[in-house]
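One structure is given here, and the rest of the page talks about it.
The values are calculated or read from the model by the stated rules, or taken from the named source; none is laboratory data. Since we're looking at a predicted model, the values are computed, not measured. Cβ placement follows ideal geometry from the backbone for every residue including glycine, while neighbour counts extend to all protein chains displayed.
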Amino acid sequence: MIKAIFLSYTGVVLPRRGNEYRQFIETLAKNSNLKDYKRAAEWFQQTLRTYKCSHSKDRYIKEEDLLRMMFDEKKDEIRLGLAVEQVLIMVQNCLMYSPVSDELPGFLSLSRRPVYIISDCSADYVTVEMKRNHLHIHGVIGCDSVQAYRNCQDVFEYALQKAGIEKEEALYIGEDVQMDLPGARQAGITSVILDRRGDYHGSEYRRIRSLSSLLANLGE
């Protein structure tokens, strides 16, 4: 029996849209050799994923410092025409002020199970976003508390402890088959990918197209 639901912050709660995210990616594209929006977005997401996988567990660096390192090391490669600190401010704005998923408020109000958010970024950013949108969750698991990123099962084992449940009683909703879903599965948690655009046909993970469909499957 599922007793708690864990949601990934970036991608599920924040679906990478809105003025803050668009402005960040457009600015990155215009001030580098990445040139167009799609290429800049893909470069940022893939490069950050690679850095997180390389600096988790024993080599952990909190996300803010990891981003600073990443842009410092890659600025010549992409011919970055912005100060790294300026880039970091834009990323922070994305994490605190981007619009949440349209279906999140309804999902939170209808779920009979406690909902927790798991985030690679500081839990403080998530708290700001939730308060700004007047949304109630049962807790935030910031990966800096574990000193690992979501590719590591330690994060999910810590989340189970925080929620006071066993692995068989948890359900994790993620959106990155390379990053967070393997970590959750390694911890023994049932893992589902939120595939809003239908990009993951044939995936080994169970797919859902919306959070509301998840509630329907859980009988809520």
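Mind checking whether some residue in the stretch 109-131 is outside any loop (DSSP other than H, G, I, E, B), touching an Asp or Glu at 6+ places or on another chain (Cβ under 7 Å) and not charged (D, E, K, R)?
Yes, that holds for at least one residue.
Which numbered condition trips up Glu166, out of (1) in contact with a strand residue (DSSP E or B) (Cβ under 7 Å, 6 or more places away or on another chain); (2) more than 15 Å from Asp120 (Cα to Cα)?
Of the numbered conditions (1) in contact with a strand residue (DSSP E or B) (Cβ under 7 Å, 6 or more places away or on another chain); (2) more than 15 Å from Asp120 (Cα to Cα), the odd one out for Glu166 is (1).
Taking the condition assigned by TED's automatic domain parsing to the domain that holds Met179, touching a Leu at 6+ places or on another chain (Cβ under 7 Å) and either over 14 Å from Ser8 (Cβ atoms) or of a type outside the set (Ser, Thr, Tyr) (or both), does Leu88 pass? So that I can check it myself, show each step before the final result.
Numbers: assigned by TED's automatic domain parsing to the domain that holds Met179: no; touching a Leu at 6+ places or on another chain (Cβ under 7 Å): yes; either over 14 Å from Ser8 (Cβ atoms) or of a type outside the set (Ser, Thr, Tyr) (or both): yes.
No: the conditions fail for Leu88.
Can you tell me which residue within the stretch 35-79, out of those that are acidic (Asp, Glu) and not in a helix (DSSP H, G or I), is surrounded by the fewest Cβ atoms within 10 Å (Cβ to Cβ)?
Per the stated criteria, the residue is Asp76.
So Leu110 fits all but one of (1) in contact with a strand residue (DSSP E or B) (Cβ under 7 Å, 6 or more places away or on another chain); (2) at pLDDT below 95; what number is the exception?
Failed condition: (1).
Taking the condition at positive phi and surrounded by fewer than 16 Cβ atoms within 10 Å (Cβ to Cβ), does His138 pass?
no
Mind checking which pairs have a first residue in the stretch 85-105 that is charged (D, E, K, R) and a second that is modelled with pLDDT under 95 and assigned to a loop (DSSP other than H, G, I, E, B), Cβ under 7 Å, 6 or more apart or different chains?
Glu103/Ser210
Please indicate, with yes or no, whether at least one residue in the stretch 80-92 is closer than 30 Å to Leu160 by Cβ, β-branched (Val, Ile, Thr) and assigned to a helix (DSSP H, G or I). Full working, then the answer.
Here is the first cut: in the stretch 80-92, the ones closer than 30 Å to Leu160 by Cβ are 91-92.
Among the residues that remain, those that are also β-branched (Val, Ile, Thr) are: 91.
Filter once more, keeping what is assigned to a helix (DSSP H, G or I): 91.
The answer is yes; a qualifying residue exists.
Say whether the condition of being among the acidic types (Asp, Glu) and surrounded by fewer than 17 Cβ atoms within 10 Å (Cβ to Cβ) is met by at least one residue in the stretch 167-187. First the steps, then the outcome.
Of all residues in the stretch 167-187, those among the acidic types (Asp, Glu) come to 168-169, 175-176, 180.
Still in the running and surrounded by fewer than 17 Cβ atoms within 10 Å (Cβ to Cβ): 168-169.
So far as the stretch 167-187 goes, yes, one or more of its residues are among the acidic types (Asp, Glu) and surrounded by fewer than 17 Cβ atoms within 10 Å (Cβ to Cβ).
Checking the conditions here, which among Glu42, Glu63 is touching a residue at least 12 places away in the same chain (Cβ under 8 Å), over 23 Å from Ser191 (Cα atoms), acidic (Asp, Glu) and not assigned by TED's automatic domain parsing to the domain that holds Tyr116?
Only one candidate passes the filter, namely Glu63.
Taking the stretch 1-41 as the search range and keeping residues that are of a type in the set (D, E, K, R) and within 23 Å of Asp72 (Cα to Cα), which one is modelled with the lowest pLDDT?
Lys35
Is the stretch 122-134 home to any residue that is free of Cβ contacts under 8 Å to residues at least 12 places away in the same chain and either outside the structural domain of Gly11 (by TED's automatic domain parsing) or in contact with a strand residue (DSSP E or B) (Cβ under 6 Å, 6 or more places away or on another chain) (or both)?
Scanning the stretch 122-134 turns up no residue that is free of Cβ contacts under 8 Å to residues at least 12 places away in the same chain and either outside the structural domain of Gly11 (by TED's automatic domain parsing) or in contact with a strand residue (DSSP E or B) (Cβ under 6 Å, 6 or more places away or on another chain) (or both).
Would it be correct to say that Gln161 is farther than 16 Å from Ser122 by Cβ and either assigned to a strand (DSSP E or B) or without any contact (Cβ under 8 Å) to a residue 12 or more places away in the chain (or both)?
Against the criterion (farther than 16 Å from Ser122 by Cβ and either assigned to a strand (DSSP E or B) or without any contact (Cβ under 8 Å) to a residue 12 or more places away in the chain (or both)), Gln161 qualifies.
Checking the conditions here, which among Ala216, Ala148 is modelled with pLDDT under 95 and in a loop (DSSP other than H, G, I, E, B)?
Sole residue among the options that is modelled with pLDDT under 95 and in a loop (DSSP other than H, G, I, E, B): Ala148.
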